[in-house]
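One structure is given below, encoded as structure tokens.
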Amino acid sequence: MRRYFTLCFVFVAMGSLFSIERPDKIPGIDPLPMAQGDPTGISNEKPPDNRPDDGVPENENTNRPEGDSGYPRVRNLTVTPDARFPNSAKISWEAHPDLSTNLYIVRYSRPITTRELLLNSYNLTPEPLDPTNTTFIDKDIPQGTYYYAIVATHELSRDGRLKLIADQNYTSVPFIVGKTGPADGTSCTADRDRVYKPEEFQVLDMVAVNTEKGVVLNWKKSPVPGIRYHVYRGPDPLDSADRLAKATRLGEAREESPFFEDANPEDGNQTYYGVAVYDCVNQKEYPQLTLNESYISHTYVRPDRKMEYDNFLPGSLMAYLASKDTIRLLWVDPGPAIKDYEVYRSSEPIQSVEALSRAKQIGTVENGAKGFTDTGLRPGQYFYALIPRSTSGRKIMELQAGRTFTAFGVTIRGASFDPDEPNLFEKPGDGRISNLSAKVEGNSVVFEWKFRSGVTEEEVQLFLYRSKEPLPDIKAIERTGVFLAEIPVSARRYLDRTGGEKYYYAFVENYPAKKKTNVYHTPQPLGPETATKPDTTDTKPQADDRLKKILGRTYAIQKYQDCVDEVRNFLQEKDLPEEVRVKALFYQGQSYYFTGQYDQARNIFSRKDVIDQFGDRALFWYRRSLERTE
């Protein structure tokens, strides 16, 4: 519901008499009698076409403010949580020296990129702010996702000029308000339906993006409700509570916002970023961080912008959550030199050509569309890229944050599948697997399938996972899936001993060269009808469990160099069982192969202990490695 108010006509008349400036259009405010047309509560009337300085030129929304123009009057707008009040935002900005008129602050559910959206936004300042103000507190905000904009009254007047620029006078990053929490800002509430394990109080897959403004950090959120994220930076690896205590705490992110921007990075120096989960319910921080999961090594180098592409790249690219399964992209077209755009989606920032090759093209849009809707999305974190194509047909492969790729991820929450038959896998309708079934035999689950011939282990990989939670897609597998085994292509049957418990299962068919993966999953948990507590005397050795976790978070999701590094550290442990040690070598050898380190791979697959344990599979990979090194 918008906020409206009226002003006394006597005041207007006096203002006109004494040349007091009055805006032509005011967000959420009745047009005054001297305005054209009948009062309707709010007006979306655009300025006359013959007044080019009054309005929003089609291509003026850009990430580069023209400092000598004096517009926009407001710069460097930021919105952060205010710990003093529940569900509140602290809005800060800087004013241009030419600013001499009052200010309006508005809020809307999508980025405020046009005059029309500005006029339809909720007005937070019925009485405009004095131009000397540079902060404002928005209190008691309803639960939801919001964007803000600030404009001067002169910019909305007939004599002014409205120019909207991302992260200058309107925000491009969503401000998310969750459930109401205590006013002290240090704790929050959550209804937890189970007791969470310590390892679940950890984020996954941290990634850093260098932008012109700093370093943007993204991560996959913890499954635990009622938490916040503490973001740290330090000169040393953040692999212990002591080192984390010595690091600089940069700030805090809310449960619904798994991202953070370091606006003052250390340029050119290797540093470490980490995210620790803070349990608001029990008021406890979990400082045990894991390399390449909850802390990373990173060096900030300010991107070198190629100015020759400026007339061909879109401006103010942003993505926001439009509904529970839909993400909307917005941008500003650069001009007539562009014919259309290829739109890409990925689970990682598309900040390089290599990352672009792993992304999925989800559409093509004509120049002038200024937006794209991606709907029917499953739970996960998504990033986007636009590749412009000129009128001559040339693709412009220039990746710049905020222009051709999104640095901040957008998260889709919640389950999006409907469980049905409990003993059948849900089929993705693609790939070479057919007749995949699962049945319970005693305390075991037996999987059987058919696989069309004609592919080798180099072309396809088959993985099996299980979890206490549903595994409908790769995101869920990465979050809670336990890696059971890589299954040889020649196999047609697998038996999993459940220990008397019920599990959800996912069967993953992965094609590394094609960057393509199919996931088959059981929509209901499988196991004995009367689940029993697992027999602790029949568990696998601890070393094998640790190796499976390493392979699950590296090799199984194609992080092959990470697999090489983590297995190298694992093999330095003393008293490893021989079978586990050789298994680790085998997967390290495959990871060497997939990263192009063929000599190292050949040395591993030629070892007698590896050949004795893996037989034809080891010889297959030895021959492949030998072919690449000759």
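Brief remarks follow.
- By average C-beta atoms within 10 angstrom, highest first, the peptides 273-282, 194-203: 273-282, 194-203
- Taken one residue at a time, the phi angles of the stretch 345-362 give Karplus couplings (6.51, -1.76, 1.60, θ = phi - 60°) of 10, 8, 8, 9, x, 8, 9, 8, 5, 5, 5, 5, 5, 8, 7, 9, 6, 10 Hz. Gly and Pro are set to x.
- Volume of the Cα convex hull of the stretch 548-630, divided per residue and given in Å³: 82 Å³
- Working ranking of peptides 145-153, 376-384, 332-340 by packing, defined as the average number of other Cβ atoms within 10 Å per residue, highest first, is 145-153, 376-384, 332-340.
- Karplus-based coupling profile of the stretch 287-298, in residue order and whole Hz: x, 6, 9, 10, 4, 6, 10, 10, 9, 9, 8, 8, with θ = phi - 60° in 6.51 cos²θ - 1.76 cosθ + 1.60 and x standing for Gly or Pro.
- Phi angles of the stretch 110-120 translate, via the Karplus equation with coefficients 6.51, -1.76, 1.60 and θ = phi - 60°, into HN-Hα couplings of 9, x, 8, 9, 9, 4, 4, 5, 4, 6, 8 Hz per residue; Gly and Pro are given as x.
- Shown for the stretch 279-406 is the translational diffusion coefficient from the Stokes-Einstein equation, using the Kirkwood radius over Cα pairs, a temperature of 37 °C and a viscosity of 0.692 mPa s: 201 µm²/s.
- Three-way shape label, the stretch 208-287, alpha-carbon gyration tensor, a/c 1.5: oblate
- Global form of the stretch 144-283, assessed from the alpha-carbon gyration tensor, a/c cut-off 1.5: oblate
- Peptides 463-471, 605-613, 168-176 ordered by packing proxy, namely the average of other Cβ atoms within 10 Å per residue, highest first: 168-176, 463-471, 605-613.
All of the numbers you see were taken from the coordinates with simple rules; none came from a lab. Everything quoted here is computed from the prediction, not taken from an experiment. Note: ideal-geometry Cβ built from the backbone for every residue, glycine included; neighbour counts use all protein chains shown.
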